[in-house]
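Read-outs throughout are calculated quantities, based only on the coordinates presented, and are distinct from any laboratory measurement. Keep in mind that what you see is a predicted model, and the values were worked out from it rather than measured. Note that we place each Cβ from the backbone using ideal geometry, even for glycine, and neighbour counts take in every protein chain shown.
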Amino acid sequence: MKRFVSISVCSIFLLVLFTSQVGAATRHCDANYVWETTGGSIQGSFGAFKGKGECGKNVPNRCRIRARNAIERCAQVHWEKRWDREIPEACIQNNSDSTVVGYNLALKCSYYPGRENEGCWVDPLDNSLPTLPRTISSSGDIKQRLEGEVCCVYKNGNHQYKDNSNVEVRLSFRSRGDNHCGGGGQLSSSSYKIDCKQFREQYCPQGNR
């Protein structure tokens, strides 16, 4: 009887030890979107978020691979579903061992009413002055967020492209961090075109159009 109890206690101890190791570690990778005009002469970034991976505490690289995979899956799916204008399931945090965290593409532009050559200030230079927020894109609208970054945010919407009615851009995503976090890829070709002239008239809060 004593021997049976001893074996049972030992089995329980090993089970608890094994269980504590599985899923005991969490690792993160950082990510964001990057855009550039054809030729790469003008660039910008937006939409910082994280990938999260869980695994056994003795295999942290496996966690980071899962975190990186979550980032890649989210970015690719969201661009494919950009016309839905909502956050896809692949970009919503869940309880799996591979998910994304803090994904939000909302863009609000603060501007100074009545100021000459009003600009689109994502972070107002002077918080003591009255500013009015204008929503450029919702949390799940990657298409409009990209257009807002190119047309409204870059140089506060005052930049004159070679052809404001036909701005060609490429969109990519990047992941970074410790071992195995590094990655990314191009989401759109150089033929993705934005009509900044029309977009500025509809959304950007500045008069220099």
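Figures for the structure shown
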| read-out | value |
| --- | --- |
| Selection count, region 143-155, where residues are closer than 13 Å to Tyr111 by Cβ and surrounded by fewer than 19 Cβ atoms within 10 Å (Cβ to Cβ) | 0 |
| Selection within region 96-142 - of a type in the set (D, E, K, R), closer than 28 Å to Trp83 by Cα and either touching a Phe, Trp or Tyr at 6+ places or on another chain (Cβ under 9 Å) or buried (at least 19 other Cβ atoms within 10 Å of the Cβ) (or both) | Arg134, Asp141 |
| Flag if Ile87 is within 21 Å of Ala48 (Cα to Cα), among the β-branched types (Val, Ile, Thr) and touching a His at 6+ places or on another chain (Cβ under 6 Å) | no |
| Residue ID - surrounded by the most Cβ atoms within 10 Å (Cβ to Cβ), chosen from residues in region 156-191 that are in contact (Cβ under 8 Å) with a residue 12 or more places away in the chain and of a type in the set (Lys, Arg) | Arg170 |
| Thr131 being within 21 Å of the chain's Cα centre (by Cα) and of a type in the set (S, T, N, Q) | no |
| Every residue from region 101-144 that is touching a residue at least 60 places away in the same chain (Cβ under 8 Å) and assigned to a strand (DSSP E or B) | Val101, Leu107, Cys109, Tyr111, Leu132, Arg134, Ile136 |
| Candidate set: region 26-40, residues that are part of a strand (DSSP E or B) and over 17 Å from the mean Cα position of the chain (by Cα); chosen: the one surrounded by the fewest Cβ atoms within 10 Å (Cβ to Cβ) | Thr26 |
